[in-house]
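Report on one structure; see the data block that follows.
The values are calculated or read from the model by the stated rules, or taken from the named source; none is laboratory data. Not measured: the values here are computed from a predicted model. Cβ sites come from the backbone with ideal geometry, for glycine too, and all protein chains shown count toward neighbours. All accessible areas refer to the heavy atoms of the entire protein, side chains included, with ligands and DNA or RNA removed. Shrake-Rupley method; radii C 1.70, N 1.55, O 1.52, S 1.80 Å.
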Amino acid sequence: MKRSRLANALDVTAIGLGSAPLGGLFSPVSDADAQATLERAWSLGVRFFDTAPLYGFGLAERRLGAFLRQQQRDSYVISTKVGRLLRAPDDAVPEDEHYKGTPRERPVFDFSYDGVMRSVEESLQRLGLDRVDVLLVHDPDDHYDDAVTGAFRALQRLRGDGTVKAIGAGMNQSEMLARFAEAVPVDCFLLAGRYTLLDQGALDALFPICQARNIGILLGGIYNSGILANPRTSAKFNYQDADAALVARALELDELCRRHGTELKAAALQFCMGHPAVTVAVMGARNAAEVADNIAMSEKAVPPAFWQELRARKLIDARAPLPGGA
């Protein structure tokens, strides 16, 4: 699998495994399926793994750590996130809207310096590892000031003393990430869902500044929560039921792919990987078959005529580079 450098310090594979599905996103995942997913990803050459306390409220970190402890530590790169502490509520809690089959702990926002240090320590305990490679401030949408004065100050200390190799933020929006790029010396960002066949908002400010400052992009949400994987059945966009206009646009893209003898998933993934700002495509999977399919979609032929028609019909931003210079 193609590799590149992240933060001039980490050797990463072009495709990484995102672990939110292994935390029970939308539906429960068994321990056996989680283990099989991780084994298949490893066998297919994936060596970048992303997780977070939020994913299954600790479940994804525990499952990922149990697998990675069996591997040579320097043979992979792992990222996790800060900004949420997991705490057991005093009263019984209903099942979460997004994560199913999880422990009873629930996340509590904390972007303070001390809160971030506790978060890192607790993540390492769940993972059973002595270190992680990348730390990201997670979803500080309503906490910009606290993130800059607290969370990032802690992350800079951890990077400075060699505890981690790279720091940044992970968000579902590009605008605040661009602000962080101006305000904080970061190495990378995890951007979810804002550079896809349906949304190229990252082209406005984020990607230009990242390219100018050598800030790597870990790109998640490439299928926009499912609509670009299958727009025909209960399509979701940005973790919610997709509206009719988005479904219609995804169906138009799907029909265009079919006419050119390719698949929507292949076009969606390869479009994202074709931008030079993107370092790793972080693909979620809940079973071994989905991992194998993701790898296959990265390799499936997408004819140049498809990309040319996509641009001619103005279905993507004119500034977006096309794979292979099509």
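Quick test of your reading of the structure: GLN70 fulfils all but one of (1) touching a residue at least 12 places away in the same chain (Cβ under 8 Å); (2) assigned to a loop (DSSP other than H, G, I, E, B). Name the failing condition by number.
Tallying (1) touching a residue at least 12 places away in the same chain (Cβ under 8 Å); (2) assigned to a loop (DSSP other than H, G, I, E, B), GLN70 fails exactly one: (1).
State all residues of the range 1-18 that are charged (D, E, K, R) and buried (at least 22 other Cβ atoms within 10 Å of the Cβ); if no residue qualifies, say none.
None; the set is empty.
Go through the range 275-302 residue by residue and tally those that are in a loop (DSSP other than H, G, I, E, B), small (Gly, Ala, Ser) and open to solvent by less than 30 Å² (accessible area, probe 1.4 Å). Let's see the steps before the verdict.
The initial filter retains those residues of the range 275-302 that are in a loop (DSSP other than H, G, I, E, B), namely 275-277, 285-287, 300-302.
With small (Gly, Ala, Ser) added as a condition, the list becomes 277, 285, 301.
Those left that are additionally open to solvent by less than 30 Å² (accessible area, probe 1.4 Å): 277, 285.
Final tally of qualifying residues: 2.
With the checklist (1) under 15 Å from ASP199 (Cα atoms); (2) β-branched (Val, Ile, Thr); (3) in contact with a strand residue (DSSP E or B) (Cβ under 7 Å, 6 or more places away or on another chain); (4) in a helix (DSSP H, G or I) in hand, flag the one item VAL247 doesn't pass.
It is condition (3) that VAL247 fails.
Looking at this structure, is PHE26 open to solvent by less than 10 Å² (accessible area, probe 1.4 Å), touching a residue at least 24 places away in the same chain (Cβ under 8 Å) and aromatic (Phe, Trp, Tyr)?
When the stated conditions are applied, PHE26 does not pass them.
Could you look through the range 303-326, keep only residues that are in a loop (DSSP other than H, G, I, E, B) and of a type outside the set (A, V, I, L, M, F, W, C), and pick out the one that is surrounded by the fewest Cβ atoms within 10 Å (Cβ to Cβ)?
Among those that are in a loop (DSSP other than H, G, I, E, B) and of a type outside the set (A, V, I, L, M, F, W, C), it is LYS314.
When the residues of the range 143-202 are filtered to those that are charged (D, E, K, R) and touching a residue at least 40 places away in the same chain (Cβ under 8 Å), which remaining residue is farthest from ARG118 (Cα to Cα)?
ASP187
How do the pairs read when you match residues in the range 254-282 that are over 13 Å from ALA14 (Cα atoms) with residues anywhere that are open to solvent by less than 50 Å² (accessible area, probe 1.4 Å) and among the charged types (D, E, K, R), using Cβ under 7 Å and keeping only pairs 6 or more apart or on different chains?
What qualifies is LEU256/GLU309; LEU264/ASP254.
Which residue is farthest from GLY58 (Cα to Cα), if the candidates are limited to the range 109-123 and must be open to solvent by 40 Å² or more (accessible area, probe 1.4 Å) and of a type in the set (A, V, I, L, M, F, W, C)?
MET117
Filter the range 29-58 down to residues that are surrounded by fewer than 24 Cβ atoms within 10 Å (Cβ to Cβ), outside any loop (DSSP other than H, G, I, E, B) and without any contact (Cβ under 8 Å) to a residue 60 or more places away in the chain, then give me how many there are.
The total comes to 5.
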